Amino acid sequence: MTFLTSLLAAVPAQLATSLAWQAFAALFALFLALVVAELIRHRRIDRYLDASFATDVLYTVLIIGGVYAWVQQPLVNLVDGALRQHAPFLYLDLLRGAPEPLQLVLFLIAVDFCRYWKHRWLHAVPWLQAVHSIHHGAENLTFLTTYRMHFVEYILDGLITLLPVVLLGIPPAMWLPVYLGLIVLSALHHSDTDISFGWLNRIFVCPRFHATHHSADRTEFDSNYAAMFSVWDVLFGTANFRPTRPQRYGLPQLQMPRSFLGQLIFPARLIARRWKRRREPQATTAT
Ligand SMILES: [Zn+2]
Ligand SMILES: [Zn+2]
């Protein structure tokens, strides 16, 4: 009882200072809102009781509670420090002197542009494809599927985000509040809701747009790469505005392990299997 009381007493202080706690609180608020919305619409909410959702929760706790603070940020800081020391000319500070709201909008556009191309590479380069398959392996989409990501992909994401920071010179104090907003937005994109923004769909990503990207149909899976602004997909010819959500999600051809540890080593096993298969015909030809 004393432990529980002291834990509850620590919550306000943690919420005021810890980005991880703030992220968890924002996600919990979204969870409650989604459950209420689904109950009102008489939809089944038992997806929050199955093993797939438990896996999503585990990824979320590990990424927000550990990978972000202990792996991604130190690595990003290391690269940032090395660049500042050895290549300071890269820090162009293109937005220096611009009004803060303008800096923020341009920074979001730049980050999303970099992430769009990162996502395309994740689908085009075989070893990156294997790493990214973890995110696409989910057969049930929930708002936490956004965190079902191999830690290698999460590290890549941090390094890609550093690029606009370097070029534009955005201070971290400006970026951090936006980070919380993006968490909720990305979680909403992965929720099992059929929200569409009408004509604004051609500018902003809506849940149906990203659900199409998670379709089990391979032709739909290679579309809708944007995270925030669907306009990138429109401009580069990868947009798919289907009128409803897909019927099935996941990668049925890959037999993705259900356990977290199985998924952790899955990309390495997949790369090894493909490499072996590629060598087999050569061996046969040689003999
Ligand atoms: Zn993808
Ligand atoms: Zn996704």
Report task. Hey, can you tell me all the residues within the stretch 72-112 that are within 27 Å of I203 (Cβ to Cβ), in contact with a helix residue (DSSP H, G or I) (Cβ under 8 Å, 6 or more places away or on another chain) and part of a helix (DSSP H, G or I)? Result -> E100, Q103, L104, L106, F107, L108, A110, V111, D112
Report summary line: The condition of being touching a strand residue (DSSP E or B) at 6+ places or on another chain (Cβ under 9 Å) and either in contact (Cβ under 8 Å) with a residue 24 or more places away in the chain or within 16 Å of ligand 2 (Cβ to nearest atom) (or both) holds, among F260, F204, only for F204
Query raised in the report: What pairs come up if the first residue lies in the stretch 142-159 and is within 13 Å of L264 (Cα to Cα), the second is acidic (D, E), and their beta carbons are under 9 Å apart, counting only those six or more places apart or on different chains?
Result: R148/D56; M149/D157
Requested in this report: Just one of (1) surrounded by fewer than 10 Cβ atoms within 10 Å (Cβ to Cβ); (2) within 18 Å of R120 (Cα to Cα) trips up Q253, so point out which.
Outcome: (2)
Query raised in the report: Taking T238, is it in a helix (DSSP H, G or I) and either of a type in the set (S, T, N, Q) or in contact with a Gly (Cβ under 8 Å, 6 or more places away or on another chain) (or both)?
Result: no
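Listed here are the residues, each with its yes/no results for (1) polar (S, T, N, Q); (2) within 21 Å of the chain's Cα centre (by Cα); (3) closer than 14 Å to H135 by Cα; (4) part of a helix (DSSP H, G or I).
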{"site": "T193", "(1), (2), (3), (4)": "yes, yes, no, no"}
{"site": "S196", "(1), (2), (3), (4)": "yes, yes, no, no"}
{"site": "R258", "(1), (2), (3), (4)": "no, yes, yes, no"}
{"site": "P267", "(1), (2), (3), (4)": "no, yes, yes, yes"}
Query - Subset of the stretch 118-140 (residues that are in contact (Cβ under 8 Å) with a residue 24 or more places away in the chain, away from ligand 2 (no atom under 16 Å from the Cβ) and surrounded by fewer than 18 Cβ atoms within 10 Å (Cβ to Cβ)) - result: P126, W127
Report task. For residues that are under 16 Å from P257 (Cβ atoms) and touching a Lys or Arg at 6+ places or on another chain (Cβ under 9 Å), scanning just the stretch 39-55, find the one that is surrounded by the fewest Cβ atoms within 10 Å (Cβ to Cβ). Result -> A51
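Here's the yes/no breakdown for (1) within 15 Å of ligand 1 (Cβ to nearest atom); (2) within 22 Å of A124 (Cα to Cα):
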{"position": "G158", "(1), (2)": "no, yes"}
{"position": "L167", "(1), (2)": "no, no"}
{"position": "G181", "(1), (2)": "no, no"}
{"position": "L185", "(1), (2)": "no, no"}
{"position": "H189", "(1), (2)": "yes, no"}
{"position": "A211", "(1), (2)": "yes, yes"}
{"position": "N224", "(1), (2)": "yes, yes"}
Query raised in the report: So which residues in the stretch 113-141 are away from ligand 1 (no atom under 14 Å from the Cβ), assigned to a helix (DSSP H, G or I) and over 21 Å from I271 (Cβ atoms)?
Result: F113, C114
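Values quoted throughout were computed directly from the atomic coordinates according to the rules given, and no laboratory measurement underlies them. Just so it is clear, the model here is predicted, and its values are computed rather than measured. Heads up, the Cβs are rebuilt from the backbone with ideal geometry, glycines too, and the neighbour counts pull from every protein chain shown.
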